[in-house]
Each structure stands twice: as C-alpha cells, then as structure tokens.
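Below is one structure; the comments refer to it alone.
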Amino acid sequence: MKKLMTMLGVAGMAVASFAAVDDTLITFSTPGPDKYADGTDVLPGECYALVWSADGQFDGIKADGTTVDPADKVVLVAQHAKQGPNGTYCPPLLYQVDADVAKTLANGVYAVYLLDTRVIADDGAVAVGGIDENGALKAVNSYGAVSGDTAAAAGTAAITTAKTTAIGGASVATLVEVEAPVITAIKPNGTKITISTSGLSPVVDYKVVTGAKPGEVATELDATADADGNFTFEKPTNGSFFKVIGVRKFEAK
C-alpha cells in the first residue's frame, strides 16, 4: 500500500495511526518561491519527484520521465505545486511506502526533485503537462534537486520520517538529455516528399531544413510531424538534401 497525503498539522501519533509499524514515511516540502530554469515562477500543479538511488547518486531523468540510470527509481510523482504568498511552493506532503516495497529500497538514498513539465498547446498557451491517467510523466523539460538527500532508511523496523525542505525556494537547473532525431526514410509522392523519423522528443519543436549540398542545409520548409514522426511537405525547387533539427520548447535564459 502506498499513500500520499497533504500534511495539515499532522502529529506523530496521528501519523502512526494509519502506518504499519514497518512502513516508511517520507515528508517533503518547499517554502517557495519555486522557479523554472528560465526564471519564471513554477506553475500551480507542477510536479515534484521523489527519487531513489542505490549508490546515493541520482543520475537524472530523461524527457520521457524514466531515469538516466536504470538502477535509479522514480518512487513518486506529486503534481502538487500551489500558489502561496511567497510564490509557488510545495506544501508539506507525507508519503507512505509499504513495507514490502521499502525492503527492496533498503540501503539506498531518497531525494526530491522539482520538474519542468510545461507544454505548449495548439493555441500557444503554456500549461503543466504533468502525469497521465496511470501516474506516469508525459514529458520532462528539465529538473533540479529540491535539497540534499533525505535521511530515510527504507525497510526499517519502525516508522521512519525523513523530511526534505528547500531553503529559499527550489529551482530546475538541468536540461534533460535529448538525442538527435534519425531520418529512417525519404519517400517522394508526386509534388510532395515525406520524411520518416525516429527518436523525436516531446520537449522539442522540430523542423525540416533543406539545401543543395549537405553542408548548406539551411532553408526551412513548411513541415510538421504527425503522430508517427512523419514530415510531409512540398518538394523544394532547389533543395535535395534534408535534415531534421530541433529547438527545446523551454530553456534557461
């Protein structure tokens, strides 16, 4: 059993009332104002990730929300940023890790990260991408540690509470790794050309450029990828070489 609760003056006895004796309890919060890498305030509803690493070194999160190091784990994603008098912050949260799960995470280290999951809608509005119906992250632009590692020891014989609190607000600072897209096929179709690609990232805007020579690929074409990563555009009059390039949707100033 796993539970996530907003703490509202929770006392020690109240915590013990719903936790098994060998469950692990972890609390975390930030005082705000929490910031994105571009210096803007974190949007209400933004995500905080409770992560775990066996070696004490969490190696980061990819654009798809999975961990850079397969041995690391994202234990919880809390879509919980709130607007407060000092800006956006994470209210105190209490997370209960079931004893069986806690045992598998024994001897590791927990930490909390603030995420940038912003997306741009078709109308140009910026919103939090957040998590899907299964609790999985949709896309991550960047991330940053809320504070130092927590001191929680998973799988202990008694309730253990580890509290992580940011000093002066949290901020994201590390851009996720994004690999270059790969062109898998180029198919002429009458007056149009379709370029098929793989490896597109949801945190990047892509465009197709063309040129007469490989080193002169510079002219941007009117092409947008469909859901399968295919770009279809009018055949250019003076371009025979193509390249798909990307620009991050959200970057630091």
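Every read-out reported here was derived from the displayed coordinates using simple, explicitly stated rules and does not represent laboratory data. What you see is a predicted model; the values in this text were computed from it and never measured. Heads up, the Cβs are rebuilt from the backbone with ideal geometry, glycines too, and the neighbour counts pull from every protein chain shown.
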Inter-centroid distance (Cα atoms) of region 39-70 relative to region 71-100, Å | 11
Let me know the Kirkwood hydrodynamic radius for region 27-120, please, with Cα pairs as the basis and the value in Å to one decimal.
-> 14.2
Return the distance in nm (one decimal) between the two label points of a simple spin-label model at ASP132 and THR224, each offset 7 Å from Cα along Cα→Cβ.
-> 2.2
Using the Karplus equation 6.51 cos²θ - 1.76 cosθ + 1.60 (θ = phi - 60°), what ³J(HN,Hα) coupling, rounded to whole Hz, does each residue of region 137-145 give in order, writing x for Gly and Pro?
-> 5, 7, 6, 10, 7, 7, 7, x, 5
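If Lys and Arg each add +1 and Asp and Glu each add -1, what is the summed charge of the other residues whose beta carbon sits under 13 Å from the beta carbon of LYS82? It would help to have the intermediate numbers written out before the result.
Numbers: positive: none; negative: ASP34, ASP41, GLU46.
That works out to -3.
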Can you give the direction-averaged projected area of the convex hull of the alpha-carbon atoms in region 195-237, in nm²?
-> 3.4
